[in-house]
1. Residues that are at pLDDT 95 or above: list the helices (runs of 4 or more DSSP H) wholly contained in the range 116-193 that include at least 3 such residues.
2. Filtering the range 362-400 down to residues that are without any contact (Cβ under 8 Å) to a residue 40 or more places away in the chain and closer than 17 Å to residue 317 by Cα, which residue is least open to solvent (accessible area, probe 1.4 Å)?
3. Any idea which residue in the range 260-280 is nearest to residue 224 (Cα to Cα), counting only those that are of a type outside the set (Lys, Arg) and open to solvent by 40 Å² or more (accessible area, probe 1.4 Å)?
4. Restricting to the range 103-113, what's the tally of residues that are within 21 Å of residue 4 (Cα to Cα) and either among the basic types (Lys, Arg) or part of a strand (DSSP E or B) (or both)?
5. What is the one condition in (1) closer than 22 Å to residue 132 by Cβ; (2) open to solvent by 30 Å² or more (accessible area, probe 1.4 Å) that residue 90 does not satisfy?
6. Kindly indicate the residue of the range 308-355 that is hydroxyl-bearing (Ser, Thr, Tyr) and open to solvent by less than 20 Å² (accessible area, probe 1.4 Å) and also nearest to residue 270 (Cα to Cα) among those meeting that condition.
7. Inspect the range 282-295 for any residue being at pLDDT below 95 and open to solvent by 80 Å² or more (accessible area, probe 1.4 Å) and give the result as yes or no.
Amino acid sequence: MKVLEFHSVKPEDSLLLIFNGAFNPQAALESELEPFLNALEKHADGWMPDVVNGKRQRKYARAATWKALEERRDGDSTALGLYRTKWPALDGRLSLWLPPQSPELDLTINVKPLSFFAEADRCRHFVEMVHAWASRYPVTHAWAHSSDDAVLAGSPNFGRDDETLFRDGFDRIYEVCWLNVFGPKLVETVGRERMLSTPAHRVDELPNGSVLLVTWPTVADFASKEARRAQARAHAHLRPDLDFDTILRTLGERSASLAPVEPRFHPDLAPLLSRVVNRAASHERQRRIAELNAWQPPEPEEWRPADCALPPDMESPERAREHYSTLAEHLVALLHSEVASVFDATPESLTDADFYFWREEFPKSRLREAIDEHAVPAIGAYLGEVLVRHLGGRWIPRQKLEEAQVLVGNRVWLPFLRARRYMTSRQALLDYSLTQLYRAAERHRG
């Protein structure tokens, strides 16, 4: 069984549930968890886990669940993972804390993409599932919301540091999410009558004194103006010491930072920058697109007019060209397992190399001596070889590598100088990308 790797699929928003409930430590564990599994199996509409993971993966079944909990038991705790093999992706973890610790059922569920929950009926099933769990396993506080918006709001502590959270617990309502379960203590802090009169899509009083509150019928459109107004109204009602307009403005700012931004990248670098953006966390993605839309790489300066080219100063130009070819092979040896296209020495392989070096933060993650002595000469030679092979370039060898030139049309280019600048920092990998120099040479060769 191959599960969908939640964090390797397309970076986009997801529905995140954080649920921490108490259970009876005197009862048999299987009987205590049966209501939990019943609600999951009944209401996980289209996103039911099909893999359970203990010390190994098994197809989801009750027996596999008990086996996973048994083999992962470590003294006073045990845990299991819940996953899916097909879309939508699921990343779930159930942890149980056992005596002598305070018995607790901790659950995190993350379903991607959030757009899967655009239908009111599917959201209703999700709410019913949490309703069943919160009725059976008393909580202090539980919530479900857009994971991206939750990060912007400061989850999991909603802006408080760990020390404050440990000292005060959930002593007041710091944030109102799409779905909320407020435990009896929070209800009494707010006032039960005030809590039950909250203007919201759904407000349910649970048998154990908790209150379940849902602000809007569907979570996928949480960032719409109407949904944000509903969220702000509920929050201001539960916290009359806060100002509605201030809450709404804060929510609006979060919506704006998550609103889709159309990529308008520099045309030479669009394939590279698209991959850079895809590495950003989904809550940062739109801001990163806007930054890269505004950013313009400096025009390559590593060139001279052909009539200003330095003459070759090597006794055997042919031997020098063989040396450059050997240096380029060093880059192939360095990257071939991660960047298969380097074998082809194509313009596209330059983009692949650019992205690899950027992803690995190569200038910072490798020893500077090794970069200067080995990586820079190999990168410069490889760039020069691509100019020769695909733009009809011709090496003009020089004893100093940084002075070695490749003649393309009416300009000579300095690939080793470019490589040195390129390897100075992570930002320099974009400012002095191999791809852009190649595209500039391509434009000027005629």
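The values are calculated or read from the model by the stated rules, or taken from the named source; none is laboratory data. Please read all numbers here as calculations on a predicted model, not as lab measurements. Reconstructed Cβ throughout: ideal geometry from the backbone, glycine too, with neighbour counts over all protein chains shown. What goes into the accessible areas is simple: the full protein's heavy atoms, side chains included, and nothing from ligands, DNA or RNA. Shrake-Rupley method; radii C 1.70, N 1.55, O 1.52, S 1.80 Å.
1. On the way: elements: 120-136, 147-153, 162-168, 184-190.
Because the criterion is at least 3 residues that are at pLDDT 95 or above, the helices (runs of 4 or more DSSP H) in the range 116-193 that meet it are 120-136, 147-153, 184-190.
2. The qualifying residue least open to solvent (accessible area, probe 1.4 Å) is 388.
3. Within the range 260-280, the subset of a type outside the set (Lys, Arg) is 260-263, 265-274, 276-278, 280.
Right, trim to open to solvent by 40 Å² or more (accessible area, probe 1.4 Å) and you get 260-263, 267, 271, 274, 278.
Working: 260: 13, 261: 16, 262: 19, 263: 22, 267: 32, 271: 31, 274: 27, 278: 24 Å.
This residue is 260.
4. Going through the range 103-113, the residues within 21 Å of residue 4 (Cα to Cα) turn out to be 107-113.
Those left that are additionally either among the basic types (Lys, Arg) or part of a strand (DSSP E or B) (or both): 107-112.
Of the residues in that region, 6 qualify.
5. (2)
6. Taking the range 308-355 and keeping what is hydroxyl-bearing (Ser, Thr, Tyr), we get 316, 324-326, 337, 341, 346, 349, 351.
Imposing the further condition that a residue be open to solvent by less than 20 Å² (accessible area, probe 1.4 Å) reduces the set to 324, 349, 351.
Numbers: 324: 29, 349: 15, 351: 10 Å.
Looking at the filtered set, the residue picked out is 351.
7. no
Conditions tested, residue by residue: (1) touching a helix residue (DSSP H, G or I) at 6+ places or on another chain (Cβ under 7 Å); (2) assigned to a loop (DSSP other than H, G, I, E, B); (3) of a type in the set (D, E, K, R).
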position: 58; (1), (2), (3): yes, no, yes
position: 68; (1), (2), (3): no, no, no
position: 75; (1), (2), (3): no, yes, no
position: 78; (1), (2), (3): yes, no, no
position: 81; (1), (2), (3): no, no, no
position: 85; (1), (2), (3): no, yes, no
position: 101; (1), (2), (3): no, yes, no
